[in-house]
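Single-structure report; data block below.
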Amino acid sequence: FWALPEHEPQARRMWKEAPHILEVLGHYFGEYPFLKDKYWVVEAPYLGMEHQTLVAYGDNFTDNSFGFDGILLHETAHEWWGNKVTVSDWADFWLHEAFATYAEALYVDATSGHERYLAYMKRMRPRIHNKKPIVQGKNLDSIHAYTGDIYFKGAWVLHTLRWLIGDEAFLGILHDFPNDPRYAYRHATTKDFTDFVEARTGRDLGWFWKRYLYTAALPRYTVTRSASGKGEKLQLAWDDPSFELPIPVSVGGQLHRVAMPQGHGELVIPAGAEVEVDPEGLILAKGPTD
Ligand SMILES: [Zn+2]
């Protein structure tokens, strides 16, 4: 760690976090990619930058309320997502920023547990703007490619993908993609990643990518309740029949996963049951009142 002399005590304190950060990120994404070279941090007069093997850091040496230095972790995660796997076009820049941002949440998951992970994701949610698609097309310059949504919305797309395909497949993909010889220390595109996910899950997820990566507006669902026999029926519908993301619904405190083939799903519930859609914040979508 190369810090200004007047910041030595803070820098020494922060530096103690580094081995644990490398260990946790290594657990999720595979061994630190530049072991034979180095891992350095250099104090800089700006927030941070992910130079290969050398993180530039300038964020006051303060931990966030989740107990870690977010900038140090984010820039370090870029050693995998940015420096080991690198995009060749600005259009794909979410492969760097969304994954480094999501790495922050994974760190919380590993060190503080799932409840805190969900709280960390929830904290990002108001920072999503939906003004432009995450992947905007070729021949952009960096000014236009860099929107907040490639960070926070991108991280939420990964969070939602985790709900869709499950922890085992999702975490396996996050580990194996940057270690695949086609992409490790090479370039990758959004299509490389989405093809990788589809090959691993054996599913055509075109509807998922189309809505979350190539469309600005979020998917929206409606909920209707009606009497059905002695109980009630809950009907859920997406605003697009090709969008098939299952919806988490809590009925009387019990969480259900409602399948949404052709954008529609139903759940029979006891009369008067207390219903809450997505109480934990697992999917990126707008409800009837959003
Ligand atoms: Zn970044």
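The values are calculated or read from the model by the stated rules, or taken from the named source; none is laboratory data. What you are looking at is a predicted structure, and each value in this text was computed from that prediction instead of being measured. When we count neighbours, we look across all protein chains shown, and the Cβ atoms used for this are built from the backbone with ideal geometry, even at glycine.
Quick notes on this one:
Results for (1) in contact with a Pro (Cβ under 6 Å, 6 or more places away or on another chain); (2) loosely packed, with under 12 Cβ neighbours inside 10 Å; (3) over 23 Å from His96 (Cβ atoms); (4) not assigned by TED's automatic domain parsing to the domain that holds Ala100, shown as yes or no for each residue.
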position: Trp15; (1), (2), (3), (4): no, no, yes, no
position: Leu22; (1), (2), (3), (4): no, no, no, no
position: Phe29; (1), (2), (3), (4): yes, no, no, no
position: Tyr32; (1), (2), (3), (4): no, no, no, no
position: Leu35; (1), (2), (3), (4): no, yes, no, no
position: Tyr39; (1), (2), (3), (4): no, no, no, no
position: Val42; (1), (2), (3), (4): no, no, no, no
position: Pro45; (1), (2), (3), (4): no, yes, no, no
position: Glu50; (1), (2), (3), (4): no, no, no, no
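- Considering residues of segment 235-290 that are among the acidic types (Asp, Glu) and surrounded by 13 or more Cβ atoms within 10 Å (Cβ to Cβ) only, the residue nearest to Ile165 (Cα to Cα): Glu244
- Some residue of segment 45-59 being among the aliphatic types (A, V, I, L, M), under 30 Å from Thr215 (Cα atoms) and modelled with pLDDT of 95 or more: no
- Asp59 meets each of the listed conditions (1) acidic (Asp, Glu); (2) within 13 Å of the ligand (Cβ to nearest atom); (3) buried (at least 21 other Cβ atoms within 10 Å of the Cβ) apart from (3).
- Extreme residue, nearest to the ligand (Cβ to nearest atom), among residues of segment 149-160 that are out of contact with any helix residue (DSSP H, G or I) (no Cβ under 6 Å at 6 or more places or on another chain) and not basic (Lys, Arg): Asp149
- All positions within segment 251-283 that are assigned to a strand (DSSP E or B), within 23 Å of the chain's Cα centre (by Cα) and closer than 18 Å to Arg220 by Cα: Arg257, Val258, Val277
- Hey, Thr76 within 11 Å of the ligand (Cβ to nearest atom) and out of contact with any Asp or Glu (no Cβ under 7 Å at 6 or more places or on another chain) or not: yes
- Just one of (1) away from the ligand (no atom under 13 Å from the Cβ); (2) modelled with pLDDT of 95 or more fails for His96. It is (1).
- 1 or more residues within 27 Å of Val251 (Cα to Cα) and among the basic types (Lys, Arg): qualifying helices (runs of 4 or more DSSP H) within segment 122-235: 152-165
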